[in-house]
Amino acid sequence: MSGSSRARAGGGRTDAQKKDIPAIGLAAPVNPARIAALFGLVVLGALVGIAGTLVQAAWFPGGLLLALAAAAGLFHGGRTLTGTQPGAAAPAAGWLISIVVLLSGRPEGDYVFGDALGLGLFMLGGMAIAVICATMSRSPRQRADSGRPAK
């Protein structure tokens with residue numbers, strides 16, 4: 001069988017061009033800058049969790065909204081900065097760890113959180129915001145040659 005008849009018969013594709021397709025996701029090579037960015041987002045998440053805990057306990061209705069807005073801004077900002085789901089999950093992990101540590105209380109029985117209603121709303125609201133930010137679709141970015149006028 002000749003090469004052309006073998007290709008028509010469904011045999012090997014020897015004349016196919018090889019393309020350089022970049023690896024993405026877990027197959028991508030390790031990027032130290034991305035690891036450092038994710039670690040920084042974990043630390044920022046812990047700081048926002050600590051600050052949010054104190055603010056929501058101090059000024060109940062307004063402080064709770066302020067703390068949730070700060071958490072939402074950090075989670076969405078991490079997603080936008082990295083362009084990946086771990087960009088939203090990393091600050092959410094730091095936020096949740098700091099919340100759980102502060103929730104454990106002290107041996108004297110004191111808690112950082114004020115009341116049970118604020119605690120529940122802060123934890124459930126923050127986790128819901130984290131899930132929303134981690135699972136939202138990527139925003140379409142316009143390229144320079146899209147033909148649309150710039151705003």
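List of remarks:
- Pair list, Cβ under 7 Å, 6 or more apart: segment 15-40 residue closer than 23 Å to Trp95 by Cα, other residue open to solvent by less than 100 Å² (accessible area, probe 1.4 Å) and modelled with pLDDT of 75 or more: Arg34/Thr82; Ala37/Thr82; Leu38/Pro86; Leu38/Ala90
- For Thr84: the one exception among (1) part of a helix (DSSP H, G or I); (2) under 28 Å from Ile35 (Cβ atoms); (3) open to solvent by less than 70 Å² (accessible area, probe 1.4 Å): (1)
- Residue pairs whose Cβ atoms lie under 9 Å apart, separated by 6 or more positions or on different chains, with the first residue in segment 47-63 and open to solvent by 40 Å² or more (accessible area, probe 1.4 Å) and part of a helix (DSSP H, G or I) and the second modelled with pLDDT of 90 or more and among the hydroxyl-bearing types (Ser, Thr, Tyr), are Leu47/Ser98; Ile50/Ser98.
- Among (1) of a type in the set (Lys, Arg); (2) over 16 Å from the mean Cα position of the chain (by Cα); (3) closer than 18 Å to Met127 by Cβ - the single one Arg79 does not satisfy: (2)
- Residue satisfying all of: in segment 111-151; modelled with pLDDT under 70 and under 19 Å from Trp59 (Cβ atoms); least open to solvent (accessible area, probe 1.4 Å) among these: Phe113
The values are calculated or read from the model by the stated rules, or taken from the named source; none is laboratory data. Only a predicted model underlies this, so the values are computations on that prediction, with no experimental measurement involved. So basically every Cβ, Gly included, is an ideal-geometry build from the backbone, and we count neighbours across all protein chains shown. Note: areas computed on protein heavy atoms with side chains; ligands, DNA, RNA excluded. Shrake-Rupley method; radii C 1.70, N 1.55, O 1.52, S 1.80 Å.
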